[in-house]
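First up is the structure itself, then whatever we jot down about it.
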Amino acid sequence: MGVFKKPFLFSFITGLLLMTISYFFQPLMPFQSIAHRGASAYAPENTIASFEKAVELGFDYIELDVRFSKDGHLVVIHDANVKRTTDGKGFVGDLTVKEIKKLDAGSWFSSAYEGERIPLLNEVIERFSGQIGLLIEMKAPENQPRMTEVLAEMLNSCTQESKLVKNIKVQSFHVNELKKFHQLAPDIPAGILLSKQLDLFHLASYRSFASFLSVHHLLLSKSFVSQAELFGYDIYSWTVKKQYQFADMQRLGVHGIISDEEKRLPDSRLYALITPFLKGQDFLKTLLT
Ligand code: G3P
Ligand code: CA
C-alpha cells in the first residue's frame, strides 16, 4: 500500500484516526437540563403550560425571558412585539398588563392551548419557585429604563420575605445591565449570554459580577471550558437541539444545557459509542427533508 511508503501521510492519517476514536471515548459528563422558554417543543413558549411540561419532564431549570410592560411590570415573553406568539399586535412596552392579559398566547402553537395567557414574572415565581430552578433572561434591559432595578427589587424582596427563591439565576446579553443587577442583588447568581468569543481579559474582568456564562453551543471548545473553569465560571450552552449535540456538550463538560426538549444520554462510555451513528442519522434526516 502506497500510504506506508509515505511516512508523513501515514502518521497524519493515524493521528487523525486516534483523535477521532479518543474523542468518542471521552466520558459524557452529567449536566443540569434547562428548558428553553419552558419545554417549548411541546407547549407554547414562555407560558405556564410550557413551564408545567418542563416540571413534568424532569428538567432542572426553566429558562424564561422577561420584558417591561407600559405600566412597569415584568412580563414573560421573548419578542419585543407580541405578534409572533399571540393573537394581538404591538410592542410589549406600549401595552399595559391589562391589555397583555387579554391576549391568547397559546393558539399560535396549537388549538389545544387556546386561552393560554402571557404570565407575569411574579406569577411564575409564586407557582414554580422551589419546584424547579428559574433562569431569568433580561431581554434588552438597556432599552427599558428601570427594568433591571425592578427585577432586582422583586428578587431581593422574595429573598427577604423568605419565599422559596433558591435556584433563581439571572442572565443577559447586556453586560453593563448585568453588572448593575449584580450590584443591586448580589445574592442572585448573574450570568452573561455570549454569542461571540470572549478574550482572556474580559473573561477575567467579568468574573467580579458574573458567576456563569451561557454560550452559543457552536462557540464552545474544550479549551474555552477549561479556561472559564479556571476563573470559576459555570458554563451553560444554548440552544441545543440534536441528540449528538447533547453528547458533544457532555463531552466538553458544560454544567448546563439549554434546550427545547430533554434528550439526556446516559452517562456511560458505552453510550458514547453510539453518538457517531446519531450524528449520521441527523445528517441523513437533513439531506432527506
Ligand atoms: O438562554 C439562551 C437563549 O435563551 C438565548 O436566546 O433568543 O432564545 O432568548 P433566545
Ligand atoms: Ca432566552
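I'd like to check something: does segment 4-23 contain any residue that is more than 16 Å from ligand 1 (Cβ to nearest atom), surrounded by fewer than 22 Cβ atoms within 10 Å (Cβ to Cβ), touching a residue at least 12 places away in the same chain (Cβ under 8 Å) and not in a strand (DSSP E or B)? First the steps, then the outcome.
Of the residues in segment 4-23, the ones more than 16 Å from ligand 1 (Cβ to nearest atom) are 4-23.
Right, trim to surrounded by fewer than 22 Cβ atoms within 10 Å (Cβ to Cβ) and you get 4-23.
Subset that is touching a residue at least 12 places away in the same chain (Cβ under 8 Å): 23.
Adding the requirement that they be not in a strand (DSSP E or B) leaves 23.
Yes, because at least one residue in segment 4-23 is more than 16 Å from ligand 1 (Cβ to nearest atom), surrounded by fewer than 22 Cβ atoms within 10 Å (Cβ to Cβ), touching a residue at least 12 places away in the same chain (Cβ under 8 Å) and not in a strand (DSSP E or B).
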**OP:** Output yes when any residue across segment 233-242 is among the charged types (D, E, K, R), in a loop (DSSP other than H, G, I, E, B) and at pLDDT 95 or above, and no when none is.
**Re:** no
Subject >> Tally of residues being open to solvent by less than 10 Å² (accessible area, probe 1.4 Å) and not aliphatic (A, V, I, L, M) across segment 75-84 >> reply: 0
Subject >> Members of segment 55-76 that are under 10 Å from M138 (Cα atoms) and either more than 16 Å from ligand 2 (Cβ to nearest atom) or of a type in the set (S, T, N, Q) (or both) >> reply: none
Original post:
Can you pull out the residues in segment 33-74 that are under 15 Å from I257 (Cα atoms), open to solvent by 10 Å² or more (accessible area, probe 1.4 Å), more than 11 Å from ligand 1 (Cβ to nearest atom) and touching a Ser or Thr at 6+ places or on another chain (Cβ under 6 Å)?
Top reply: F59, D60
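Any idea which of A112, A105, A152 is of a type in the set (A, V, I, L, M, F, W, C), open to solvent by 50 Å² or more (accessible area, probe 1.4 Å) and more than 19 Å from the chain's Cα centre (by Cα)?
Details: A105 fails: open to solvent by 50 Å² or more (accessible area, probe 1.4 Å); A152 fails: open to solvent by 50 Å² or more (accessible area, probe 1.4 Å).
Only one candidate passes the filter, namely A112.
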Original post:
Of all residues in segment 44-54, which are in contact with a helix residue (DSSP H, G or I) (Cβ under 8 Å, 6 or more places away or on another chain) and within 16 Å of ligand 2 (Cβ to nearest atom)?
Top reply: P44, T47, F51
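The values are calculated or read from the model by the stated rules, or taken from the named source; none is laboratory data. Because the structure is a prediction, the values reported are computed rather than measured. Note that we place each Cβ from the backbone using ideal geometry, even for glycine, and neighbour counts take in every protein chain shown. Please note that ligands, DNA and RNA were not included when accessible areas were found on the heavy atoms of the full protein model with its side chains. Shrake-Rupley method; radii C 1.70, N 1.55, O 1.52, S 1.80 Å.
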